[in-house]
Each structure stands twice: as structure tokens, then as C-alpha cells.
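In what follows, a structure is listed as C-alpha cells, so that the remarks can point back to it.
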Amino acid sequence: MKKILTIVIALLAFAASAQKVEARFTESKFIKASGKTIEAEGNLKLFSADKMELRYTKPAGDYFIIDGKTMSTSVKGKKTVVDTEKNAAMRTHRNTLMNCVNGNWKQAASDNNAETSVTEKGANKVVTLSAKKTAPRGYSKIIITYRKSDNLPIELVFEEFNGIVTTYKISNIVKK
């Protein structure tokens with residue numbers, strides 16, 4: 001009976017943490033090799049702890065979708081679907097993004113062999129994940145700014161070892 005109760009409590013806690021959210025986002029990607037910055041924007045929908053959509057309005061028609069173990073993208077009309085169970089690098093990418101968006105930054109730090117620091121900045125909490133050592137690919141640093149009131153991210157900065165820095169700013173957040 002204790003095991004069943006423990007499982008039920010864990011499932012309820014998980015369901016409570018998986019918020020349905022709609023928002024706007026802007027994306028800024030700095031590419032160190034070229035010195036160029038690529039700007040994009042669109043709509044974000046978070047359906048559950050393992051389902052999220054980024055539908056771009058600029059460039060129109062592009063998308064990035066995580067649906068369970070599948071990641072689907074469309075970039076300039078070129079569509080790709082990846083089974084993240086078969087692709088370890090993409091599985092880590094999916095898990096890191098979903099964990100950061102869902103407030104599970106401790107798991108993202110563990111998955112990326114990173115140290116963490118947490119600071120408060122007004123009504124926000126800023127979590128920084130810093131890689132313990134360099135690697136050929138992956139993230140050297142991740143900075144997530146969460147609203148303290150509901151633990152939803154309002155900014156995510158992903159710094160890769162190769163010098164690419166992608167910043168997502170999230171606004172007009174509506175919880176469903």
C-alpha cells in the first residue's frame with residue numbers, strides 16, 4: 001500500500017509541475033565563426049512535460065517540435081524528424097531543453113555534467129549551469145531566468161562550446 005501511495009503522490013506532483021502554457025518568443029542566435037546574429041520569433045506552446053512546439057512567424061513556416069521521444073523541425077522548408085531514443089546527442093538536446101523549460105534545472109545540470117549557481121534578481125530567479133569541463137559539443141553554459149511567482153522561464157541562454165550562443169526571450173505568457 002505504501003508503494004502505491006508513493007507512486008500516486010509522485011504522479012500527482014509530476015502532473016502539477018507540467019503546466020500548459022502559451023507564449024511569444026524571440027530567438028537570437030550569435031554564430032561566433034561568422035560574427036553574425038540570426039533573429040527569429042514566433043509562438044511557443046508547452047503542452048506537457050514532454051511536448052512543446054515552437055512555431056516561427058519569422059521566418060514564417062519554420063517549426064521545432066518535441067513530442068515525447070521525437071523531435072521534428074522545418075527550417076526553410078527542409079523537414080527533419082529525429083527519434084531521440086536512437087540519437088544520443090539529440091536525446092541530450094531534447095532533455096536539456098525540456099528540463100530547463102519545465103524548471104528541472106538540476107536534472108539538466110546532471111545530464112550536462114555542469115555545476116550550478118542560483119541567484120535572485122528582483123521577482124526572478126537566475127540559474128546558471130556551467131560545464132565542469134570542455135567537450136567537443138554541447139553546452140559550456142546555460143543561463144535560465146525563471147519568474148519566482150510560478151517558476152516559468154522568461155529567458156534561456158544556451159552557450160555552446162563551438163561559440164554559438166542562442167537566447168530565447170519569452171513573453172505574453174498565458175497558463176492554460
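The values are calculated or read from the model by the stated rules, or taken from the named source; none is laboratory data. Here the structure is a predicted model, which is why all the values come from computation and not from measurement. FYI the Cβ positions are ideal-geometry reconstructions off the backbone, even for glycines, and counts take in every protein chain you see.
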Q: Please specify each residue of segment 148-176 satisfying the condition of being over 15 Å from the mean Cα position of the chain (by Cα), in a strand (DSSP E or B) and among the β-branched types (Val, Ile, Thr).
A: ILE173, VAL174
Q: Test ALA89 against the criterion of being part of a helix (DSSP H, G or I) and modelled with pLDDT of 95 or more, and give yes or no.
A: no
Q) Any residue in segment 137-147 that is touching a Ser or Thr at 6+ places or on another chain (Cβ under 8 Å) and in contact (Cβ under 8 Å) with a residue 60 or more places away in the chain? A) no
Q | Criterion violated by GLY42 - all others in (1) in a helix (DSSP H, G or I); (2) without any contact (Cβ under 8 Å) to a residue 24 or more places away in the chain; (3) small (Gly, Ala, Ser); (4) surrounded by 17 or more Cβ atoms within 10 Å (Cβ to Cβ) satisfied | A | (1)
Q. Residues THR80, THR57, THR70: which one is of a type in the set (Ser, Thr, Tyr) and either buried (at least 16 other Cβ atoms within 10 Å of the Cβ) or under 18 Å from the mean Cα position of the chain (by Cα) (or both)?
A. THR70
Q | Single residue of ALA108, ALA89, ALA123, ALA135 found to be touching a Cys at 6+ places or on another chain (Cβ under 8 Å) and over 15 Å from VAL21 (Cβ atoms) | A | ALA108
Q: Consider only pairs whose beta carbons are under 8 Å apart and that are at least six residues apart or on different chains; among these, list those whose first residue lies in segment 108-132 and is within 18 Å of PHE161 (Cβ to Cβ) and whose second residue is assigned to a strand (DSSP E or B) and of a type in the set (Phe, Trp, Tyr).
A: ASN112/TYR139; ALA114/TYR139; LEU129/TYR139; ALA131/TYR139
Q) Among the listed residues THR80, THR37, THR6, which satisfies the condition of being out of contact with any Asp or Glu (no Cβ under 8 Å at 6 or more places or on another chain), at pLDDT below 95, more than 22 Å from SER110 (Cα to Cα) and among the hydroxyl-bearing types (Ser, Thr, Tyr)? A) THR6
Q: Could you pull out the residue among ASP62, ASP111 that is buried (at least 16 other Cβ atoms within 10 Å of the Cβ) and modelled with pLDDT under 95?
A: ASP111
